[in-house]
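First up is the structure itself, then whatever we jot down about it.
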Protein chains: 2
Amino acid sequence: MTTMWCEHGWLEDGPVWGVRLETDGSTITACETGVAPSEGDRILDGLVIPGMADCHSHTFHRALRGARETGSTFWSWRSTMYKIAGSLTPESYYDYARGVYAEMLAAGYTCLGEFHYVHHQSDGTPYVDPHAMDEALIAAAEDTGIRLTLLDTLYLSSGFGSPLQAEQLRFGDASVEEWIRRVDALGDAISLHPHARLGAAIHSVRAVGPDDAARVARWAVEAGAPLHVHVSEQVKENTDCERVFGMTPTRLLGEAGVWEANATAVHATHLSDADIAELGRHAVTVCLCPTTEADLGDGIGPARALRDAGAALSLGSDENVVIDPFEEIQSLERGERLTSQSREVFGANDLMRALCSDGYRSLGWSGGALEVGAPVDLVQLDLGSTRLAGVDLARVPLHARSEDVRRVWVDGREVVCEGRHRTVDSREPLERLGRQLRASTR
Amino acid sequence: MTTMWCEHGWLEDGPVWGVRLETDGSTITACETGVAPSEGDRILDGLVIPGMADCHSHTFHRALRGARETGSTFWSWRSTMYKIAGSLTPESYYDYARGVYAEMLAAGYTCLGEFHYVHHQSDGTPYVDPHAMDEALIAAAEDTGIRLTLLDTLYLSSGFGSPLQAEQLRFGDASVEEWIRRVDALGDAISLHPHARLGAAIHSVRAVGPDDAARVARWAVEAGAPLHVHVSEQVKENTDCERVFGMTPTRLLGEAGVWEANATAVHATHLSDADIAELGRHAVTVCLCPTTEADLGDGIGPARALRDAGAALSLGSDENVVIDPFEEIQSLERGERLTSQSREVFGANDLMRALCSDGYRSLGWSGGALEVGAPVDLVQLDLGSTRLAGVDLARVPLHARSEDVRRVWVDGREVVCEGRHRTVDSREPLERLGRQLRASTR
């Protein structure tokens with residue numbers, strides 16, 4: 001048994017003084033509040049918050065952060081991004097992902113949903129080990145200590161039934177049946193890794209037709225696995241979907257039974273009122289990626305309306321142009337204020353729940369809370385920056401930055417100390433491989 | 001003569017390797033590029049950028065950063081803010097401003113425009129020394145080393161001719177003539193301070209009628225002083241102005257001759273096409289305050305359209321909920337992307353010009369550039385953070401944070417070292433006085 005005494009701990013209703021956690025090493029076994037430390041307690045000053053979930057990441061997009069030219073539309077950016085995807089190997093992906101995952105941990109993300117679709121060799125042929133790319137990511141997660149849900153993504157079409165383009169071949173499986181065979185085998189392999197878990201993803205209504213989407217949804221329900229899907233990030237997806245199917249992506253996925261699963265709609269930027277009602281009625285989780293949605297010029301999604309309708313929220317770093325959970329929730333709140341021209345749309349508690357427990361749930365884990373039974377996934381914040389001077393404890397998440405993260409534990413293991421990952425130097429692979437991957441875009 | 005060799009320096013067209021600056025201590029006297037360091041040069045590794053201008057600040061609003069309750073509208077926030085304004089004394093304002101100015105310098109702001117309207121005692125009676133509040137700010141600037149333009153603000157009405165409300169009395173002068181007498185005397189006093197300068201401000205069309213605005217504009221033109229004015233931050237200002245005067249605030253101020261001065265329109269969030277054309281035709285500077293405009297739910301101003309019409313841009317931290325010049329330009333760019341649903345709206349060079357040389361000009365100073373004749377106002381950035389790993393040098397301002405600021409010089413004097421102000425501890429006054437000032441809001 002180990003015990004940790006937090007000067008302040010973030011509970012469901014916000015910060016509380018004197019939170020004493022007993023653990024069996026990896027799980028919280030007792031939680032007292034308002035108490036002084038006891039002899040032998042590890043003393044954690046500042047504010048301890050639950051580990052945060054990054055529910056939507058494409059790890060390799062990080063290579064485009066600060067790249068000189070990625071074009072003036074989402075679609076031009078995407079074609080640059082495809083060139084990076086095309087140049088990845090299992091070896092370079094492992095090496096690069098270690099750098100990104102260490103950066104995520106140092107920012108306070110303890111649980112990650114990797115929306116993973118770079119499955120095969122560049123021409124679409126499976127690797128000799130058909131799980132080589134999955135294993136690269138699982139190994140990087142294991143090395144760095146981040147909790148991983150590998151959202152294995154079905155990607156069959158370049159758009160509403162058109163065949164995959166050359167640069168998309170490596171994303172594709174021959175059919176949904178092939179995908180099922182592959183992920184079932186992957187599920188057996190992943191069960192050997194206690195900090196990794198399998199989930200399913202439908203890339204989008206562009207890439208997967210309704211019958212195949214329905215098949216994936218049935219698989220996810222039967223497997224008890226989370227199911228994620230990109231929804232209505234760009235207006236063009238909506239207009240194309242209306243043209244081909246006469247309905248919105250949300251409705252199409254609803255008819256395919258996707259919202260019956262433990263489902264997360266990613267982005268959900270351009271929704272009709274009926275879409276919002278449908279996602280709310282099924283208590284779907286909507287994963288917003290505010291820094292990405294701004295960077296890519298997607299637009300501001302209707303987060304408040306979705307929440308009011310009954311949806312849960314979670315956050316994702318997506319293209320990883322920013323890796324900072326606090327910046328995501330601050331951007332979410334600012335977007336709401338800008339569209340509604342009002343203030344205080346979400347409270348800090350709402351936003352922390354989205355980052356922590358609702359995010360964990362959307363990735364198929366329990367946790368993201370300082371409570372009995374939760375894993376010891378913790379983030380200690382240093383409150384000593386000038387930026388936070390005068391900030392009420394209950395408002396800290398609205399003003400914090402990843403720079404304030406001091407220590408991070410996952411399953412009781414201290415992986416970040418003094419703001420740095422204890423074993424992995426992020427910068428080196430991010431710079432070396434970043435240059436190499438970007439060379440492929442010229 | 002002192003010489004500084006910058007590994008990389010930010011010039012008009014972006015970063016250049018090997019920039020060697022000769023100075024006479026306070027002014028740049030020679031600037032070579034692409035050269036190796038010479039013996040005796042002070043070596044500055046990383047990236048050196050020009051000092052940045054914060055063109056719109058209400059210093060005391062900083063006390064509301066992280067306050068628990070400030071309401072769900074701009075107007076409810078304003079009434080809380082008035083309580084803070086009401087409790088200021090020359091002593092506490094000096095003390096608090098020292099903390100804020102040291103925070104600004106550590107973030108890389110070297111030049112500040114203080115939009116100053118807390119002139120008199122709470123009941124509106126002038127202090128025995130009628131410049132006591134101005135001198136508090138000038139002394140705080142001198143102590144910390146920030147370059148200050150004190151934008152002395154005329155504030156006569158609570159709204160389109162209505163008398164001042166009780167909590168606004170200390171902002172007001174008896175008449176525009178009284179304001180002119182007061183600022184003329186202040187101009188004589190301020191001329192003793194080499195790093196401070198006088199400018200004029202019209203609070204808004206709400207607070208100053210067109211005849212008085214015209215009188216201030218003439219004063220500014222004759223004095224060669226910059227003139228700033230809040231314009232169309234909230235829709236309500238527009239609708240009230242249309243109702244009373246049958247025209248927009250921009251047009252009203254145009255008819256008063258305001259745009260003939262070295263004028264800066266602050267916010268300019270809600271403009272008509274004709275307003276945009278008018279501000280562009282007069283090459284007015286528009287000071288955007290993106291983090292404030294998001295926090296207060298103002299909206300996203302038409303920055304790209306203004307620039308295309310011929311206006312210059314500058315940035316302001318305004319309510320100081322955020323003090324980070326990089327975050328301001330990143331928020332500006334993100335806002336444009338979100339409204340236009342496109343990408344790469346402004347380049348890093350455009351945004352740096354707005355932060356540096358155009359900002360300096362809008363405050364009545366030359367500078368904000370690494371060039372001969374400019375003051376030695378410099379900011380050295382540390383490029384070693386994980387966040388910046390893989391970021392192209394030419395894109396650093398789009399990904400940097402105030403945390404990356406390592407050293408800052410104003411007029412050749414090194415005021416910030418290792419990210420901290422050399423003589424003033426910001427946290428202490430920000431916490432102690434923040435608590436005290438906020439007590440007045442309960």
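Positive end of the dipole of the protein assembly as shown (Cβ unit charges, origin at the Cα centre): among A:GLY316, A:MET1, A:GLN234, the Cα lying farthest that way belongs to A:GLN234. Placing dummy labels 7 Å off each Cα toward the beta-carbon, the span from B:GLU22 to B:SER76 is 6.2 nm.
In terms of the ratio Rg/(2.2 N^0.38 Å) built on C-alpha atoms, what value belongs to region A:52-362? Could the numbers behind the result be given before it?
Values: Rg = 17.8 Å, N = 311, 2.2 N^0.38 = 19.5 Å.
Ratio of Cα Rg to 2.2 N^0.38 Å: 0.91.
Shown here for region B:172-267: chymotrypsin sites (Phe, Trp or Tyr not before Pro) in loop regions (DSSP other than H, G, I, E, B) with at most 15 other Cβ atoms within 10 Å, of which there are none.
Cross-link partners of A:LYS236 among aspartates and glutamates, defined as those whose alpha carbon lies under 14 angstrom from its own and excluding same-chain residues fewer than eight positions apart: A:ASP298.
Ignoring ligands, DNA and RNA, what percent of the 1.4 Å accessible area of the protein assembly as shown is carbon and sulfur? Its accessible area is 49 percent carbon and sulfur atoms. Loop-located GluC sites (Glu not before Pro) in region A:378-436 (DSSP state not H, G, I, E or B) with no more than 11 neighbouring Cβ atoms inside 10 Å: A:GLU418. Under the criterion of Cα pairs below 8 Å and six or more residues apart, the relative contact order for region A:52-362 equals 19 percent.
Leaving out ligands, DNA and RNA, calculate the buried accessible area for the pair A and B with a 1.4 Å probe, summed over both sides, in Å² to the nearest 100.
Details: alone 16710 and 16720 Å², together 29010 Å².
Buried area (both sides, nearest 100 Å²): 4400 Å².
Helix A:235-245 axis versus longest C-alpha principal axis of chain A: approximately 50°, rounded to the nearest ten. Dividing the radius of gyration of the alpha carbons in the protein assembly as shown by their Kirkwood radius gives 0.98 for Rg/Rh. With Cα atoms defining each centre, region A:348-380 and region B:208-255 are spaced 51 Å apart in the structure. Largest GNM mean-square fluctuation across B:MET81, B:MET104, B:MET352, computed for chain B with C-alpha springs under 10 Å, falls on B:MET81.
May I ask you to derive the relative contact order of region B:210-326, considering only C-alpha pairs under 8 Å and at least 6 residues apart, and to give it as an integer percent? Can you show the working numbers first?
Numbers: 207 pairs, mean separation 28.0, N = 117.
The value is 24 percent.
Rounded to the nearest 10 degrees, the angle from helix A:210-223 to the longest Cα principal axis of chain A is 40 degrees. Candidate cross-link partners of A:LYS83 among the lysines, defined by an alpha-carbon separation under 19 Å and a same-chain spacing of 8 or more, are absent. When the GluC sites (Glu not before Pro) in region B:1-44 are filtered for DSSP coil states and for at most 15 other beta-carbon atoms within 10 Å of their beta-carbon, the remaining sites are B:GLU12, B:GLU39.
Over region B:131-279, calculate the relative contact order: mean separation of alpha carbon pairs under 8 Å at least 6 apart, over the residue count, as a percent.
Numbers: 233 pairs, mean separation 33.3, N = 149.
It rounds to 22 percent for region B:131-279.
Helix B:74-87 and the longest principal axis of the C-alpha atoms of chain B enclose an angle of approximately 90°. With all pairs of different C-alpha atoms in the average, the Kirkwood value for the hydrodynamic radius of region A:329-393 is 14.0 Å. The accessible-area ordering, largest first, of the residues A:ASP173, A:ASP308 stands as A:ASP308, A:ASP173, per a 1.4 angstrom probe. Residues of region B:61-109 that bury at least 40 Å² of accessible area when the other protein chains are present, relative to the chain alone (probe 1.4 Å, heavy atoms, ligands and nucleic acids excluded): B:ARG65, B:GLY66, B:ARG68, B:SER72.
Heavy-atom accessible surface of the protein assembly as shown, averaged per residue, reaches 33 Å², computed with a 1.4 Å probe.
The values are calculated or read from the model by the stated rules, or taken from the named source; none is laboratory data. Please read these numbers as outputs of a predicted model, since none were measured by experiment. Please note: Cβ atoms are built from the backbone with ideal geometry, for glycine as well, and neighbour counts cover all protein chains shown. SASA here: full protein model, heavy atoms, side chains in, ligands and nucleic acids out. Shrake-Rupley method; radii C 1.70, N 1.55, O 1.52, S 1.80 Å.
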